[in-house]
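The values are calculated or read from the model by the stated rules, or taken from the named source; none is laboratory data. All figures in this text were calculated on a predicted structure; none of them were measured in a lab. Positions of Cβ are backbone-derived with ideal geometry, glycine not excepted, and every protein chain shown enters the neighbour counts.
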Amino acid sequence: MLVRYHLATTHELPPITAPLYEYVFAGNGIFKRARRDLMSATIPICSGRISGLAPVKAEFITNFGIVPATAMTQILEIASGAAKEGLESLFYLSFRADRWELEIPRQFQTCNSVEPAEKGRGSPYERAVIEIHSHHRMPARFSRADDSDETGFRIYGVIGNINPARDHWPMINLRLGVYGDWWSLRADRILEMPLRLRDLNADLE
């Protein structure tokens, strides 16, 4: 089975064994767990009280360093150029040989969408640990289309409020995606932030 189900009878959960993901029924709600080569996560998807089960803590464990500000500065520069044309843009960050690599895929861009030209084996899409796209002048909020598209196990980001004609501060919004469920993240947990980039989730603990 690609998906498995687990009852939390103790605070300590066993290692994740599901090929895709697990649901954990705990004393404080329902959680979703997954793992891949560079990270593992347990995120809450439904709060509530289930008698007889132990509570579980949400966690996100990574085996990589912070994305350097140079990569984020390059992303902002390219996204700003696309924003001048009213276009969205797409970026992938993969972690190879102990370093982050920014990959800008061939893409189909419009004013309200952006899609990679390929998603097959060996493509930047397949390698990506972090996927970021821009919303040019629009807010850094994930749309319903984003929710439909972002159904893998990776970190997703959207950059908005990009207006090269005005002295606006671009905003970034990060979330951890676990196969169709999401958990908001502080950007500085993952990224070294350039001075002009602001975090929509800065108030998160």
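Quick check on Ser40: is it modelled with pLDDT under 95 and surrounded by 14 or more Cβ atoms within 10 Å (Cβ to Cβ)? Taking the combined requirement at face value, the residue does not satisfy it.
Scanning region 32-82 for residues that are over 26 Å from Ile16 (Cα atoms) and not hydrophobic (A, V, I, L, M, F, W, C) returns Pro68, Thr70, Thr73, Gln74, Glu77, Ser80, Gly81. Scanning region 62-82 for residues that are hydrophobic (A, V, I, L, M, F, W, C) and not in a helix (DSSP H, G or I) returns Phe64, Ile66, Val67. Hey, does region 83-90 have a residue that's out of contact with any strand residue (DSSP E or B) (no Cβ under 7 Å at 6 or more places or on another chain), at pLDDT below 95, exposed (fewer than 15 other Cβ atoms within 10 Å of the Cβ) and assigned to a strand (DSSP E or B)? No, region 83-90 contains no residue that is out of contact with any strand residue (DSSP E or B) (no Cβ under 7 Å at 6 or more places or on another chain), at pLDDT below 95, exposed (fewer than 15 other Cβ atoms within 10 Å of the Cβ) and assigned to a strand (DSSP E or B). With respect to the stated conditions, Ala71 fails to be over 27 Å from Tyr179 (Cβ atoms), out of contact with any Cys (no Cβ under 6 Å at 6 or more places or on another chain) and of a type in the set (A, V, I, L, M, F, W, C). Kindly check whether there is at least one residue in region 142-152 that is farther than 21 Å from Glu59 by Cα, of a type in the set (A, V, I, L, M) and in contact with a Pro (Cβ under 9 Å, 6 or more places away or on another chain). No.
Across region 152-198, the qualifying residues are those that are assigned to a strand (DSSP E or B) and among the β-branched types (Val, Ile, Thr), and the one among them that is nearest to Phe31 (Cα to Cα) is Val178. Do you know which residues across region 96-122 are under 28 Å from Ser40 (Cβ atoms) and in a strand (DSSP E or B)? Within region 96-122, Arg96, Arg99, Trp100, Glu101, Leu102, Glu103, Pro116 meet the criteria. Filtering region 123-133 for residues that are in contact (Cβ under 8 Å) with a residue 12 or more places away in the chain, surrounded by fewer than 21 Cβ atoms within 10 Å (Cβ to Cβ) and either among the β-branched types (Val, Ile, Thr) or in a strand (DSSP E or B) (or both) leaves an empty set. Taking the criterion of being among the hydrophobic types (A, V, I, L, M, F, W, C) and under 25 Å from Leu197 (Cα atoms), the residues of region 115-136 that qualify are Ala128, Val129, Ile130, Ile132.
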